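Below: the structure, in structure tokens.
What follows is calculated from the coordinates using simple rules that are stated; it is not laboratory data. Being a predicted model, the structure only gives us computed values, none of them experimental. Note that we place each Cβ from the backbone using ideal geometry, even for glycine, and neighbour counts take in every protein chain shown.
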Amino acid sequence: MSDIVLKPGKEKSLLRRHPWVYATAVAQAVGRPLAGDTVRVVDSRGNFLAWGAFSPDSQIRVRCWSFHEDERIDAAWMTARVHDAVARRASLAARTDAVRLVFGEADALPGFVADRYAGQLVVQFLAAGVERWREALIDALAAATGCADVYERSDAAAREREGLAPRTGVLRGTEPPAEVEIVEDGVRYGVDVARGHKTGFYLDQRESRRRVAELAARVGPGAAVLNCFSYTGGFSLAALRAGAAHAVSVDSSADALAMAARNAVRNGLPEAAFECRVSKVADAQKALAAEGRMFDIVVLDPPKFAPSAHHVDKAARAYKDVNLKGMKLVKPGGYLLAFSCSGAIGVDLFQKIVAGAAIDSGLEFVLLERLAAGIDHPMRMTHPEGEYLKGLLLQRVA
Ligand code: SAH
């Protein structure tokens with residue numbers, strides 16, 4: 001067992017149980033720990049701080065498992081964390097068979113993500129520590145869920161920063177079908193777990209899909225929806241199934257929109273109600289404005305414009321622009337749902353950006369609600385970096 005000795009004063013964040021030790025905080029590694037080894041993190045005087053996993057190639061040199069010296073980090077410990085995480089989501093089973101079962105740091109398993117799509121599990125090992133415990137983690141997940149099919153999607157950028165090569169493919173059971181069908185709040189979606197974004201689906205937008213369905217019902221028959229950055233059509237489908245008359249889904253990916261169209265069929269929606277535009281959102285917004293189209297509900301869910309703190313200024317301009325153009329397409333009395341999944345942009349800054357867009361639009365909007373991911377994307381209070389998705393529900397004043 002190796003000790004990771006911190007520089008004097010660098011123990012403060014660990015005393016507050018923040019789970020990351022940056023390379024710059026480390027004075028020395030006693031012994032020769034290898035990637036993924038469990039190490040004892042101690043302060044400059046040798047006092048115990050945490051158990052963690054060593055990552056020699058990452059700026060995050062240690063990710064902590066536990067702050068309790070009497071805990072043993074072994075397969076039983078991993079199993080217990082998986083069972084805790086799965087139990088935390090149990091209430092979602094009444095609504096959906098698609099759930100993020102484990103969400104990294106939030107569930108005390110830094111770098112491990114596990115999603116369930118009906119009978120299919122999809123996992124990501126994005127750090128050296130969980131990579132080391134992969135068999136124990138998969139065993140525990142299979143036992144906790146009864147799912148025999150496990151697919152790996154460890155192809156996220158985070159894994160590269162850990163010095164780990166990408167890895168994808170079947171881990172247990174059989175090859176997943178091209179489209180795994182899930183049902184969420186009564187709506188059917190196809191999920192391509194091998195090639196889709198993330199692990200195939202934006203599970204983190206479940207609560208907002210429900211909100212869009214409620215808004216569509218509130219607007220009543222005839223509701224028109226514009227879903228910008230639609231991916232496989234989640235918000236459009238939720239709105240149409242709740243009674244909206246028409247939805248326009250815009251995405252630059254033809255593959256995503258092809259899946260969206262198949263999802264419309266899957267839900268028995270009339271073809272005419274489901275309009276898809278393969279286009280950059282900026283171009284589609286311009287074209288729709290030129291066509292004089294207006295919508296009762298406009299959803300703006302762009303990709304992460306700010307991958308890190310360095311990109312915040314540029315991202316802020318991009319968020320403002322997309323919101324400004326989106327606002328002009330909202331009918332009086334209609335709704336705008338504006339999202340950001342940039343962890344580097346906090347909710348206060350995002351609200352300021354959207355307020356700036358509202359001012360420039362010359363239109364009057366009120367903020368009805370702040371939106372966020374559901375309970376399967378929790379955030380550990382000691383790890384604020386875990387929060388990333390934020391949304392604002394605005395209504396245009398009639
Ligand atoms: N709202 C979706 C998730 C959006 S992810 C859902 O709930 O499922 C972001 C999407 O934006 C991706 O599908 C990506 O293909 C698309 N995209 C990225 N840049 C774009 C652009 N400039 N114009 C249109 N679509 C874009």
Ranking 318, 264, 126 by how far each Cα lies towards the positive end of the charge dipole of the chain (+1 on Lys and Arg Cβ, -1 on Asp and Glu Cβ), the top one is 318
Mean projected area, convex hull of alpha-carbon positions in segment 285-344, reported to one decimal in nm², is 4.1
To the nearest 20 debye, segment 2-66 has a Cα-centred charge dipole, built from +1 on Lys and Arg Cβ and -1 on Asp and Glu Cβ, of 220
Cα extents of segment 355-398 along the principal axes, largest first, in whole Å, come to 40, 18, 11
Residue 139 and residue 286 label points (each 7 Å along its Cα→Cβ direction) are spaced in nm at 5.9
One checks the Cα atoms of segment 202-396 and finds Rg and Dmax, in Å, of 15.8, 49
Loop-resident GluC sites (Glu not before Pro) in segment 211-294 with no more than 14 other Cβ atoms inside 10 Å, DSSP not H/G/I/E/B, are 291
Once the dipole of segment 75-177 is set up from charges on Cβ (+1 Lys and Arg, -1 Asp and Glu), the residue from the list 87, 137, 147 lying farthest towards its positive end is 87
Computed on Cα atoms, the radius of gyration and Dmax of segment 2-66 in angstrom are 10.0, 27
Residues whose built amide H sits under 5 Å from the amide H of residue 26, excluding neighbours closer than 5 in sequence, are 7
Once the dipole of the chain is set up from charges on Cβ (+1 Lys and Arg, -1 Asp and Glu), the residue from the list 246, 359, 375 lying farthest towards its positive end is 359
Ordered by number, the GluC sites (Glu not before Pro) in segment 314-398 that occupy a DSSP loop and have at most 16 other Cβ atoms within 10 Å are 364
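Treat every Asp and Glu Cβ in the chain as -1 and every Lys and Arg Cβ as +1, leave all other atoms uncharged, and give the resulting dipole magnitude about the Cα centre to the nearest 20 debye.
Taking the Cα centre of the chain as origin, the dipole is about 800 debye.
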Semi-axes of the chain from the Cα gyration tensor (sqrt of 5 times each eigenvalue, largest first, whole Å) come to 41, 25, 17
